[in-house]
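Data first, discussion second: the structure below is written as structure tokens.
Derivation of every value follows stated rules applied to the coordinates shown; laboratory data play no part. All values reported here derive from a predicted model rather than from experimental measurement. Cβ coordinates were reconstructed from backbone atoms using ideal geometry, including for glycine residues, and neighbour counts include every protein chain displayed.
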Amino acid sequence: MSISEKLSSQLTNVLSGDPWYGFPVYTIIEGISFEAAYEKPPGSVHNIAAIVLHMVAWTEEVMDRMNGLPSGLPTSGDWPPIGTPDEQKWQNYVEDLKLVNVNLIGIIQKFPEDQWSLPINDERNRELGTGVTYEELINGLIQHHIYHSAQIALLNRIING
């Protein structure tokens, strides 16, 4: 199996497959009501809608890096503003997350096999996730998705019992 096949398979599994640790990202997010998406339990820094937008933003940033653009914060910001609660907007956020990941999987599948071990052209900055290879970049995003989907699941459990 090529690195492109392995990474696209791993990302797909985390998003909509049968990951070892539990429910995939989309199953978790699709179970979130509009009301729960915007509720912020006491002590929480972000609500579910903000986390989903953060995931979208960083997936876009990873796509930019895969396309050779310099690393930085996502163009929409690390934590894009969620605006006022709106049910259609929430559905759009969920659809946006799916769309950016479909696009990323397409990039992964077409990425030259001999370039996965090359470093992206940035010095190491842990906070920005720079100075890694292209393969490490995709693995990092997969881990990022898992981390935030767990936060979403916990927030939903706090909100809905």
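If you find the alpha carbon centre of the range 1-76 and of the range 103-117, how far apart are they in angstrom? Rounded to whole Å, the Cα centres lie 18 Å apart. Projected onto their three principal axes, the Cα atoms of the range 54-131 cover extents of 44, 26, 15 Å, largest first.
Please give the charge dipole size of the chain, origin at the Cα centre, charges +1 on K and R Cβ atoms and -1 on D and E Cβ atoms. Round to the nearest 20 debye.
Values: 9 positive and 20 negative charges, 52 e Å.
Around 240 debye, computed over the chain.
When you count the other C-beta atoms within 10 angstrom of each residue and take the mean per peptide, 47-58, 88-99 line up highest first as 47-58, 88-99. Values of log10 I(q)/I(0) for the range 18-100 across q = 0.16, 0.24 Å⁻¹ run -0.68, -1.19, by the Debye formula with one identical scatterer at each alpha carbon and no solvent.
Given a Förster distance of 30 Å, report the FRET efficiency between Thr84 and Asn160 from their Cβ-Cβ distance, rounded to the nearest 0.05.
Step by step, r from the Cβ atoms, then E = 0.85.
Relative to the longest principal axis of the C-alpha atoms of the chain, give the angle of the C-alpha long axis of helix 48-66, reported between 0 and 90° and rounded to the nearest 10°. Long axis of 48-66 versus the principal axis of the chain: about 10 degrees. Computed from Cα atoms alone, the Kirkwood hydrodynamic radius reported for the chain is 16.3 Å. Of the residues Tyr38, Tyr134, Tyr93, the one whose Cα sits farthest toward the positive end of the charge dipole of the chain, with +1 on the Cβ of Lys and Arg and -1 on the Cβ of Asp and Glu, is Tyr38.
How large is the charge dipole for the range 87-151, taken about the Cα centre, if only the Cβ atoms of Lys, Arg (+1) and Asp, Glu (-1) carry charge, to the nearest 20 debye? List each step's numbers first, then the result.
Values: 5 positive and 10 negative charges, 31 e Å.
For the range 87-151, the charge dipole is close to 160 debye.
How much length is gained on full extension from Glu5 to Ile107, taking 0.36 nm per residue of separation minus their Cα-Cα distance? Please list the in-between numbers first.
Values: separation 102, 0.36 × 102 = 36.72 nm, distance 1.13 nm.
35.6 nm is the gain from fully extending Glu5 to Ile107.
So what is the 222 nm mean residue ellipticity for the chain from helices alone, if each DSSP H run of at least 4 adds -39500 (n - 2.57) and you divide by all residues, rounding to the nearest 500 deg cm²/dmol?
Details: 6 runs with 95 residues, N = 161.
Computed mean residue ellipticity for the chain: -19500 deg cm²/dmol.
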